[in-house]
Amino acid sequence: MNSTPTVAVSGIGCLCAAGMNMQACMQSITGNGCAPQPPTRFSSDHAVAYPVFEVPQQYSFGGAARNSDTLLTADFALTATLEALADAGLSRADLQDKRVGVCIGTTVGSAMNNEDFYWQYRQGRHPDMKAVTRFLNSNPAQVIGQEFGLTGPCQTVVNACSSGTDAIGLGSSWVRSGICDIVLAGGADELCRVTYNGFISLMITDESHCKPFDAERKGLNLGEGAAILVLESDDLCRRRQHPRRAVMLGYGSACDAYHLTAPAPDGRGLKAAIATALAACEKSVDDVAFVNAHGTGTPNNDRVESRVLNELLPGVPFLSTKGYTGHTLGAAGAIEAAFTVACLEEGKIPTSAGFANKDRELPAHPVQHETAVSGAVAISQSLAFGGNNAAVIFGKGTH
């Protein structure tokens, strides 16, 4: 990827258990955060009520009643998009004479959230087709494109837990190559019983608050939400006289092809993704202010990330924000990218929630308190099932 032309981040929208908008999220993660609770929208027969970071039931789509013809994943994505466009100073009318693309990452995307329909079908009944229609109406990228009448490229990325990061990286390439003037890029995912039970069956969920990188970590807490970044040509951003929140500098993606769910122990895929992203923007370790790690709280993920960060970025502060949001699957990379930009703006990162006891097997450890950071750029990285690894690099909007 060529480092020119510059891709500006001109707006951000975000919602998750930490907050219903970007400002609320940042207040939460720099404050006391929130604790995961047992799920409320579905039930499970497990003896342990594994806690999750759920968006509150009083959630409302864009301040109004949610659309009953679409699933929550699409509603989350659209709500975050509305906030991001407002933050970017862009109206619906502003989008009509521009080449605007949409690139959204998701993992489950609610595809398995119609259990009642499947159960009735297997019983030989004739279930109401509304569940199928709702699913077909709920492709998050398509919903956003239709809502605003956009005619640029429209793509949904499904690449496990790196989906949101990959969507931002791909969307930035559309702007950089001149295909689009603006791209709405990010990720969205909702919780459902199948996902919940599936992760429990993998034995990588914690029955209490997750503890990324901690010596006593047991696994992750699932979460849900969405985040959208408005990526646009820096020339357009300057012509509009709108301040850029950051610049999207580099993106790297690599597969280690090691295991269906576990990362390669030597971290070769993550190393390649980070190296590619750094090379794309011609930045060095000395430029990096901090790293927003994937940090799920699972033994394997945290061990690999710690080793890679110690080897490639020794001494660079890092943290996991999953102790504030849970693991939001396809939305994780986008939510963490949004937090990365905001922390880069503020020149500080919050404590890595859940981390209290150093693991002697890990060569590097996250911050234990709010930490001032210096440096021109920050990295947000994701590790995913299937050996997928992705990293995006943001620079300060003022340089």
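The values are calculated or read from the model by the stated rules, or taken from the named source; none is laboratory data. It should be emphasised that the depicted structure is a prediction, and the values quoted were computed from it without experimental measurement. Cβ sites come from the backbone with ideal geometry, for glycine too, and all protein chains shown count toward neighbours.
Hey, among the residues in the stretch 330-368 that are part of a loop (DSSP other than H, G, I, E, B) and among the hydroxyl-bearing types (Ser, Thr, Tyr), which one's nearest to Lys218 (Cα to Cα)? Full working, then the answer.
Of the stretch 330-368, the ones part of a loop (DSSP other than H, G, I, E, B) are 347, 350-357, 359-368.
Of the ones still in play, those that are also among the hydroxyl-bearing types (Ser, Thr, Tyr) are 351-352.
Working: Thr351: 19, Ser352: 16 Å.
If we take residues in the stretch 330-368 being part of a loop (DSSP other than H, G, I, E, B) and among the hydroxyl-bearing types (Ser, Thr, Tyr), then Ser352 is nearest to Lys218 (Cα to Cα).
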More than 26 Å from Tyr251 (Cβ to Cβ), of a type in the set (Phe, Trp, Tyr), modelled with pLDDT of 90 or more and not in a strand (DSSP E or B): which single residue out of Tyr59, Tyr50 fits that description? Tyr50
Can you tell me which condition Arg244 does not meet? The list is (1) at pLDDT below 95; (2) within 26 Å of Met26 (Cα to Cα); (3) charged (D, E, K, R), and all the others hold. (1)
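Checking the condition modelled with pLDDT of 95 or more, closer than 22 Å to Thr106 by Cβ and either surrounded by 15 or more Cβ atoms within 10 Å (Cβ to Cβ) or in contact with a helix residue (DSSP H, G or I) (Cβ under 8 Å, 6 or more places away or on another chain) (or both), which residue from Leu260, Leu231 passes? Even if it seems obvious, please write down each step before you answer.
Numbers: Leu260 fails: modelled with pLDDT of 95 or more.
Just a single option satisfies the conditions, and that option is Leu231.
I'd like the residue in the stretch 97-127 that is closer than 28 Å to Asp166 by Cβ and at pLDDT below 95 and, out of all such residues, is surrounded by the fewest Cβ atoms within 10 Å (Cβ to Cβ). Give the steps one after another, and end with the answer.
Restricting attention to the stretch 97-127, the residues satisfying the condition of being closer than 28 Å to Asp166 by Cβ are 98-114.
Next cut, at pLDDT below 95 only: 107-114.
On the way: Thr107: 26, Val108: 19, Gly109: 25, Ser110: 24, Ala111: 16, Met112: 14, Asn113: 24, Asn114: 20.
Among them, the one singled out is Met112.
Over 22 Å from Phe394 (Cβ atoms), crowded, with 24+ Cβ neighbours inside 10 Å and modelled with pLDDT of 95 or more: does that describe Val308? Show your work before the answer.
Values: over 22 Å from Phe394 (Cβ atoms): no; crowded, with 24+ Cβ neighbours inside 10 Å: yes; modelled with pLDDT of 95 or more: yes.
No, not satisfied.
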Lone qualifier among Ser382, Ser374 - being in contact with a helix residue (DSSP H, G or I) (Cβ under 9 Å, 6 or more places away or on another chain), closer than 24 Å to Glu311 by Cα and not acidic (Asp, Glu): Ser382
Scanning the stretch 181-195 residue by residue, those farther than 19 Å from Ala227 by Cβ and buried (at least 24 other Cβ atoms within 10 Å of the Cβ) turn out to be Cys192
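With the structure loaded, tell me whether Thr81 is in contact with a helix residue (DSSP H, G or I) (Cβ under 9 Å, 6 or more places away or on another chain), hydroxyl-bearing (Ser, Thr, Tyr) and assigned to a loop (DSSP other than H, G, I, E, B) or whether it fails that test. If you could, list the steps in order and put the result at the bottom.
Working: in contact with a helix residue (DSSP H, G or I) (Cβ under 9 Å, 6 or more places away or on another chain): yes; hydroxyl-bearing (Ser, Thr, Tyr): yes; assigned to a loop (DSSP other than H, G, I, E, B): no.
For Thr81, the condition - in contact with a helix residue (DSSP H, G or I) (Cβ under 9 Å, 6 or more places away or on another chain), hydroxyl-bearing (Ser, Thr, Tyr) and assigned to a loop (DSSP other than H, G, I, E, B) - is not met.
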